[in-house]
Each structure stands twice: as C-alpha cells, then as structure tokens.
Amino acid sequence: MKEPFERVVQRHGPTVLRVCRAVVGPHDADDAWSETFLAALRAWPDLPDDANVEAWLVTIAHRKAIDLVRAASRRAVPLADLPAAPVPDATEARVRDLDLWAAVAVLPDRQRHAVALHHLGGLAHAEVAALLGGTAAAARRASADGIATLRRTSPRWAAATAGLSDAPPAPRSEGGRA
C-alpha cells in the first residue's frame, strides 16, 4: 500500500528542490519544484508500489527543470544589460550558497546535470546515465569533472584552499600516483 502523497512531499521535497536549484538556479527552482509535484500527483495513483519514489521524483524534477530552461531560452530579454541583483539582508552562509549556485550554473550542461542528479539528487551513476544518455562511466566522469571545476572556481572552496602550504607538490611515482 502506498503512503499518502503528503508524506512523499515532506520526505523528498528537499531533495527535489536541490535538484531544481542545481539545474535552473535559485530563482526558478520553486516553479520547477511545484511543477514536479503537480506532475507527480497526477501520476501517483498509477505508480507501482515497489517503485523507487525518490528516483522517480528526481527524474520528474530534472525534466521539469529542463523544460523551464528551454522555455526561458525562447523568451526575449528586453534589457541590454541586466542590473546587478541586490542581495537581501542575509547571513554569510546564505551568501555563500548563492555563490555556490552561481558556480554550479556556469558548469557545462552535462556536468551541471550530472552533479545535480548524483550529488544533490542521490541517484546512482547508472541512473544518471539512463537520464542523460551514455554510460555510467561517462556520468561518473561528468560528475567528477563538475565537482573538480567547482573546487577550482567556487569562492567557497577557493577560500578554504588559499591558506594551504606553498610547498611544491610531492614528486609522483612512475605509476602516476603519489
């Protein structure tokens, strides 16, 4: 017997929101989240009892977020230059989160989607590959490359690694590993 849909929303809502934020950014994430659960509610009665509900919701969220990205790309932008968006009074952690979302937003599409689905959505690499196309190894590589890029470019991680030793890197062995 299936659990009530309200409990499904409570349990998986934060994961779905993280996936939506990673794909469309923090401003449109709420719309993608709402669209996800509206679509899921319509399909809920037909979902098999043994289905992986979290993976199912993440798949819907990913598709709804992509739909929003595609729709936004078709809309005209009336301004030549966008004004800088003021940051509301926020804690330092919230500002860092905005920096992280901005860093995720500039990742190449495949890396951004792989990071969102695997690290934020909790899907296995094989499931990510099924959604994005390709192999599990390619999904793992895209996810790893995306995280490596975030570590290099995100102010959150750049500040954390700035104070590390100035010593030269240790010599590598012949096998390519230290």
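The values are calculated or read from the model by the stated rules, or taken from the named source; none is laboratory data. Everything numeric in this text was worked out from a predicted model, so none of it was measured. Positions of Cβ are backbone-derived with ideal geometry, glycine not excepted, and every protein chain shown enters the neighbour counts.
Some observations on this one:
- Search result, residues across segment 142-163 that are modelled with pLDDT of 80 or more, touching a helix residue (DSSP H, G or I) at 6+ places or on another chain (Cβ under 6 Å) and of a type in the set (Gly, Ala, Ser): Ala142, Ser143, Gly146
- Selected residue (criterion: surrounded by the most Cβ atoms within 10 Å (Cβ to Cβ)) from residues of segment 126-158 that are without any contact (Cβ under 8 Å) to a residue 60 or more places away in the chain and under 17 Å from Thr15 (Cβ atoms): Val128
- Residues (over 15 Å from Pro108 (Cα atoms), at pLDDT 90 or above and assigned to a helix (DSSP H, G or I)) located in segment 130-139: Ala136, Ala137
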